[in-house]
Every structure is written in structure tokens, then in C-alpha cells.
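Beneath this line is the structure, given in C-alpha cells, with notes to follow.
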Amino acid sequence: MSSALSVLVPVLVAGLAWGLNAPASKLLYAAGDGRLFDGVTLAVARSVWSLPVFVAAAFLVRPRGLRLRSGDLARFAWLGVLFGPGLTGVFAVAAQWTSAAHVVLITGLTPPATALIESLIQRRRLSVGGWAAIGLGVAGVALLSFTRSATGSTPQGDLLMLVWVASYAWFVLLTRALTERYPAPFLSVLSTGGGALIVAVVGIAAGAGGAVGHAFASPGVAAWFFGEIVVALGLIGPIANVVAIRRSSATVATTGALYASVAAGLLAAVLLVHERLAPSAVAAGVLLLASLALTFSPRGPRVAAAATSAE
């Protein structure tokens, strides 16, 4: 396999795994005449069934002789909160409230948003290219929300996706800080597994665990739930992303996977979920992709390397 192809394949695999999240969620919400899952119960069911995957992964990537610093325990706990309620939960509810196309497109705002938050934390000026990327991204999201550019879209769901974008940015920055002391695979498994545990325990305690058994409601439901929501998002996507990063760079792997994710998600929203996209959705997509391209350009803002398994 050529060197270019050895990078392209895992990038496309990661993008496909992440891009199908929102359309697969939509299909699960519609299954059983809409009586099987909602945003909260899907997040809880995903977390419960993902725990065995994370336990197995933790066993495989456990570092030998590594001790956690006492001061980092709170940071790991915060990563779990960000990934569990902040990413898994918010994404599931947003996917219920707005269109899959809007969810997919708004995720493209994460790199410039991360750069903006990083500049605020470090109290350093964002470059002209960075502000341009933010402006294009905000314009794209505004066009999406104010024009109702896709079937089933709502301003409330779009706003919730902006909360997801902010949570993702904080998750990225905290993960990057901890990678200076801990291996990236270990960090990824510990934070995502911790997040799944939080959602599972809190969700079941709150009475939202009734849909855990609905994963077996039909062969189609089981295929989408376990194939995409559990295995692809929890295992295949993160592994493919790590492989791509090792064979190229974090920037190449991240931007490539994001472009692939947007493309796959939009196609799935139209072909699988049968959403209709207005011309304004296409225009907003162009703005968001331009924002993404500018973020990763040499003159754009410095982008934090991320363990982009956060979806």
C-alpha cells in the first residue's frame, strides 16, 4: 500500500464512522414508530453497551508502571464529564431536536472554535486568518438556523449543537495538555470510558435506562445501534484516527476526517434519512467548509491536536 493510500484509508474510515452518527441516531429515533429511543435514552443505552468495549480497550492500551499524578485525577474526571454528558448526551439530544444535516455541518465549526477558546485561555491574539475562520463559521451556522435550510431543523437543536462545539473544544484542549504526560490511547480510553460510566450510572439512577434492551428490537435497530453507535464510534473511528495521525500528522488526520465526516453525514442525511436540503444549506455548508479550510491553512490559527473520538 502506498504511503498516501495508507493515510487516506484510515482518514476515510474515521470520517465515515463520525459522519454516520447523526443519521444513524435519526433512524433509531424513528424506529418502532418513535417509541424506542429519544435523545436521553439513546445516550444512556449507548453508554451502557459501550462499557464492555472501553473495558477491553483499556486492558489492551494500559501503560505498564504508569502512575497517575494526584493533581490529574480531577482533570480526568472533568474529561469524563465533558465526554459523557457534554458530548454524548448533548449530541444525542441535539440530533433529536434538529436535522441530521445541521448536526453534521455544525460539527465543522469545532476547529476554529477550539482555536478561539485556546487563544482566550492563553491570552494571546488570534490571527487575522483565525478571526476570518470564526466569522465564516458563525455566518454558516446563522444561515443554517435562520433559514430552516433542512427538513426537521430547529433553532433550539442548532443552539444545542453550539453547546456541543464548546464542550468539544474544552475536551480537545484538556486532552492535549494531558498528552504531555500520558499516552494518547490511554487518555482516549480513560476519558471516553469514564464519560460512558457517568452517563450510564446517572441515566439509570434517573430512570432513563429503559431503552437499554431496545437495542435488540429488530435486526435493523441492532445493526445501526451496535454497528455505528457503539462499535464504529467507540472503537473503529478512534483507532482509525490514531493510525492516520501516526502515519501523517494530527492536522492532516483531523482535517481529512472532518471533511470526510461532513460529506458522509450529508449524503446519509439525504439518502438514508430522506432530508431535503434547501439552497441555503448548501451555501452554509460552503461557508463552514471554508472556515475549516482556513483554520488548517498555514496562515490560519494554530489548531490543538486532538483525540477526535469525541463524537
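Read-outs: derived from the displayed coordinates by stated rules, not from any lab. Values in this document were obtained by computation on a predicted structure and should not be read as measured data. Counting neighbours? That spans all protein chains shown, and the Cβs are built from the backbone with ideal geometry, glycine included.
Summary of computed values
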| read-out | value |
| --- | --- |
| Positive-end residue of Gly203, Pro279, Gln96, charge dipole of the chain with Cβ unit charges | Gly203 |
| CD proxy at 222 nm, helix term only [per DSSP H run n ≥ 4: -39500 (n - 2.57); per residue of the chain; nearest 500] | -22500 deg cm²/dmol |
| Kirkwood hydrodynamic radius of region 3-295, Cα pairs, Å | 19.3 Å |
| Kirkwood hydrodynamic radius of region 181-251, from inverse mean 1/r over distinct Cα pairs, in Å | 14.2 Å |
| Within the chain: Cβ-based charge dipole about Cα centre, in debye rounded to nearest 20 (Lys, Arg +1; Asp, Glu -1) | 940 debye |
| Residue of Leu105, Leu79, Leu126 that the Gaussian network model of the chain assigns the largest fluctuation, springs spanning Cα pairs under 10 Å | Leu126 |
| 10 Å Cβ shell holding at most 16 others, DSSP loop, trypsin sites (Lys or Arg not before Pro): longest site-free stretch of the chain | 182-275 |
